[in-house]
Amino acid sequence: MGGRVRRTAVVAALLVAALSVAGCAKDTGGGGGSGSSAAGCQRNPAPAGPAAVAEPPEVPPDLNASNLKVGLSYDVGGRGDASFNDAAAAGLDRAKSRLGVTDIKELTAAVGESEDASATRLRQLVDGGYSPVIAVGFKYEPAVVKVAPAAPNTKFGLVDSTAEGVPNVTPLLFAEEQGSFLVGVAAALKTKTCHVGFVGGVETPLIQKFEAGFKQGAKAVAPNIKIDTKYISPAGDLSGFNDPAKGGEAAKGQLDSGADVIYAAAGASGSGAFRAIKAASTPQSPKWGIGVDSDQYQDKNLADVRDIILTSMLKRVDVAVYSYIGAVATNRLDNLPKVFDLKVDGVGYATSGGNVDDIKPQLDAYKSQIIGGAITVSPKP
């Protein structure tokens, strides 16, 4: 009995040390294995506790939504960006195949466009009789706030933002920090140098949620890990989501400083980061990239770099878009979750390529603790 108490005290002390920085997760679990790298990366054991399973929002399997006309307006990069927009496209494609939706119109934002241009594109969908109209990305908030009140019979879904006081707008929000926590755990378990990096597309509160979760997950495993942070463009300049060259420069700078695992939450710019990582990786000194939003290992546009993609933080915009279309078809918008988090399979991590197979038990242990409420992940760095 006394030995068990001492062991429990040791595990608790390790977990407290891992999570003692401001904004880090609260972890009440214990148990699991531990280890350290040649670079002195001291790793804490994974938390113990009952397994928890995510339950996505229910869409009736026999639902027929063929009467809907669905309009979707992508963010910069559009369908084919191998990231955020492609996740939305996957949800739309699922609605086609499972719900019978055939009347669809897809439009895409241009780099540097004005709010008036965004509003004009939404009005084009409204005038075409599309409802719901799904706006993909926080950049659309001003345009939605302008257009939706003048079209009260049109239902709008707004990804990543809200439109306070506009009743025909449904926010589709995510707990990006929770999924990012898990890939931070993966980075800390896989690094050989005890040095990892984060490349953000645009320095906004939204992308800072990815940064926050990544850092908390990495430090929960390895409190002494070094984490570099670089944003491609400042708030207000959305070019950081569509500049692969600058994504590559940001990643190269972190690689040159010693990072060997880099998480790129940068939209289409992430492809440049992956190519810089690929160029620096050797069998003797492997480097890893972590994708975002979609399972980027599976993206055909990234086939040449998939061997260095460790995992991807899955932001299940596909789940949100598909669930939202189903909720519109059944007129049960109140059934949608307020936030698409780990509990509803709104975020997660990818296993394609088998590169995290050896650490999956640890990743799932942290996942269960977050779902169960034993770990709370802060959305702020």
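The values are calculated or read from the model by the stated rules, or taken from the named source; none is laboratory data. None of these values were measured; they are calculated from a predicted model. Glycine also receives a Cβ, built like all others from the backbone with ideal geometry; neighbour counts cover every protein chain displayed. Keep in mind that these areas ignore ligands, DNA and RNA; they rest on the heavy atoms of the full protein, side chains included. Shrake-Rupley method; radii C 1.70, N 1.55, O 1.52, S 1.80 Å.
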request  = Give the residues of the stretch 72-85 that are in contact with a Gly (Cβ under 8 Å, 6 or more places away or on another chain) and either part of a strand (DSSP E or B) or open to solvent by 10 Å² or more (accessible area, probe 1.4 Å) (or both), sorted by residue number.
outcome  = Tyr74, Asp75, Val76, Gly77, Asp81, Phe84
inquiry  = Looking at Val344 and the list (1) out of contact with any strand residue (DSSP E or B) (no Cβ under 8 Å at 6 or more places or on another chain); (2) open to solvent by 50 Å² or more (accessible area, probe 1.4 Å); (3) touching a residue at least 60 places away in the same chain (Cβ under 8 Å); (4) not acidic (Asp, Glu), which single condition is not satisfied?
reply    = (2)
query = Looking at Asp116, Asp62, which one is of a type in the set (Asp, Glu) and assigned to a loop (DSSP other than H, G, I, E, B)?
reply = Asp62
message = Return the residues of the stretch 108-141 that are under 23 Å from the mean Cα position of the chain (by Cα) and open to solvent by 30 Å² or more (accessible area, probe 1.4 Å); say none if nothing qualifies.
response = Thr108, Ala110, Val111, Phe138, Lys139, Glu141
query = Got a sec? Which of Arg316, Arg306, Arg332 is in contact with a helix residue (DSSP H, G or I) (Cβ under 9 Å, 6 or more places away or on another chain), of a type outside the set (Gly, Ala, Ser) and free of Cβ contacts under 8 Å to residues at least 24 places away in the same chain?
reply = Arg332
Residues satisfying the stated conditions in the stretch 372-381, i.e. open to solvent by 20 Å² or more (accessible area, probe 1.4 Å) and either β-branched (Val, Ile, Thr) or part of a helix (DSSP H, G or I) (or both) = Gly372, Thr376
inquiry  = It is to be established whether one or more residues within the stretch 327-340 are open to solvent by 30 Å² or more (accessible area, probe 1.4 Å), closer than 22 Å to Gly184 by Cβ and at pLDDT 95 or above.
reply    = yes
ask   = Of the residues that make up the stretch 183-195, is at least one under 14 Å from the mean Cα position of the chain (by Cα) and either part of a helix (DSSP H, G or I) or under 18 Å from Ser83 (Cβ atoms) (or both)?
value = yes
ask   = Can you name the number of the only condition in (1) open to solvent by 50 Å² or more (accessible area, probe 1.4 Å); (2) at pLDDT 95 or above; (3) farther than 12 Å from Val321 by Cβ; (4) within 25 Å of the chain's Cα centre (by Cα) that Asn67 fails?
value = (4)
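Would a scan of the stretch 86-107 turn up a residue that is among the β-branched types (Val, Ile, Thr), in a loop (DSSP other than H, G, I, E, B) and either open to solvent by 40 Å² or more (accessible area, probe 1.4 Å) or modelled with pLDDT of 95 or more (or both)?
Yes - at least one qualifying residue is present in the stretch 86-107.
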